[in-house]
1. Label E51 and A273 with points 7 Å out from Cα along Cα→Cβ: what is the distance between them in nm?
2. Using a 7 Å offset from the Cα along the Cα-to-Cβ direction at both T348 and S408, what is the distance between the two label points in nm, to one decimal?
3. Kindly express, to the nearest 10 degrees and within the range 0 to 90, the angle between helix 22-31's C-alpha long axis and the longest C-alpha principal axis of the chain.
4. Hey, quick one: spin label on T294, modelled 7 Å out along Cα-Cβ, who in the stretch 312-339 has an amide N within reach, i.e. under 12 Å?
5. Kindly state, to the nearest 0.05, the FRET efficiency for T321 paired with S128, given R0 = 51 Å and r defined as their beta-carbon distance.
6. For M261 and F161, calculate 0.36 nm times their separation in residues minus their Cα-Cα distance, and state this gained length in nm to one decimal.
7. Strictly over 18 Å apart at the Cα level, which of K22/K55; K22/K351; K268/K340; K268/K288 would you flag in this model?
8. Quick one: helix 48-59 against the long Cα principal axis of the chain, what's the angle to the nearest 10°, folded into 0 to 90?
Amino acid sequence: MTEISVNGGKRLSGEISVQGAKNSVLPVLAATLLCGGESVIHNCPELSDVETSLKILRHLGCKCSKEGSTVTVDSGSITAYDIPDSLMREMRSSVVFLGAVIGRTGKAVISSPGGCELGPRPIDLHLSSLEQMGVTIQEEHGFLNCTAEKGLHGAEIHLSFPSVGATENIILAAATAEGSTVIHNAAKEPEISDLADFLNRAGARIYGSGSDTINIYGVKKLGGTEHTIIPDRIAAATYMACAAVTGGSVTLNSIMPPHMMSVLWCFKECGCAVVSSGGSVRLTAPSKLRRVPTVRSLVYPGFPTDAGPVAVAMLSAAEGTSVFVENIFENRFRYIDELKRFGAKIKTEGKIAVIEGTDRLSGVHCKATDLRGGAALVIAALRADGESRIGEIHHIERGYDDIVGNLSALGADIKYSGD
Ligand code: EPZ
């Protein structure tokens, strides 16, 4: 199955349950390394990034099994401390294993993570923070050799940018370090709190997650535990945009509306009726989507950068001109050239995209450039007249669990095609 094909114009309706959060399950799987026993993780989405994480855990000596959406990891005996280059390349976010491997073994070898489809992905904040905790890092031949000769110790760390990954790596390294660690200007994303909840269940002492100051008091040992991953707020935003562009009315279950207030605002701004109740949200689209004058991506609780491509695709079909400003990543607009093949009228200048809405999108052959850019193409295809075919769908499968099955369940004419 190398492509997704869509016959657009079908109005979506019905209800689905939203997957567990990709950006939570990855750091939580890394954290199981610290537990020295068996951990059971529920609500794990079926994603290639999860498969890659399990490959890394197995390489390190863990026993991993999966039954439906429940993953069990036994990290009783760790026999390695390097992350193979091939796996680092498969998933850029494997850098989040760094803190856990050093925390468990006192050393780690990783290849310098290359850039990715979003532009350079520096890890300077990760490395400088770990150095403050007693890690020495030598770079040679593209590999980072990290050792904490005297073990990890706590530190007072100020992040110049509230990096999600750096915050996670510091928490992972500090959980069993000697002494206490404070993170100032920490990332506040819900996935950080989910990681802290998992570790606290395992015996860690982490306070303040979800705020910009996090205190971690190192403990001697962590034990295996059980945890359920929070819902994926970006997948939820994606399915809402699919309904919005098709004039549909859908209910999404197993979500956490408080995690996506800035996204719900955007849907209401363009005329959708959005009703949240408990762990569900119901979106009913207007006959014509209204433009949203300006949407800016910001760190949480601002509008999430990962929902940017989703919003741009939706606003391509709105009445009037909207502006999207990407403030987090340097090169997040690569998907826009593919969107324009549908007839979307978008001009980009640096970090600004000006979207002149049109009701004339037509089906095309296109290719996903990255995970969320691929989701944007699916949204455009659902709106466009005629058939679309989307290639390079491995990007999409990194972050969406059964997107074809979910959209079919909502009435989309969508299927895999190709060999
Ligand atoms: C996480 O990436 C997410 N990935 C990203 O989701 C998400 O877009 C991003 O956070 C922002 O919310 C995972 O959680 C696996 P950052 P991360 O460190 O940790 C700069 C998706 O589609 N920076 O907060 O890499 C960096 O260049 C993915 O699901 C440094 O300069 O994001 C970027 O401009 C895409 N030095 C900004 O900070 C560093 O050491 C945000 O990066 C680290 C980051």
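1. Placing both labels 7 Å along Cα→Cβ, they lie 4.2 nm apart.
2. 3.2
3. With both axes taken from Cα atoms, the answer is about 10 degrees.
4. 323-326
5. Taking R0 as 51 Å, the efficiency between T321 and S128 is 0.75.
6. Between M261 and F161, full extension yields an extra 33.8 nm.
7. Violating the 18 Å limit, Cα to Cα: K22/K351; K268/K340.
8. So the inclination is approximately 20 degrees.
Quick note: the coordinates plus some simple rules give every number you see, no bench work behind them. No experiment lies behind these values; they were computed from the predicted model shown. When we count neighbours, we look across all protein chains shown, and the Cβ atoms used for this are built from the backbone with ideal geometry, even at glycine.
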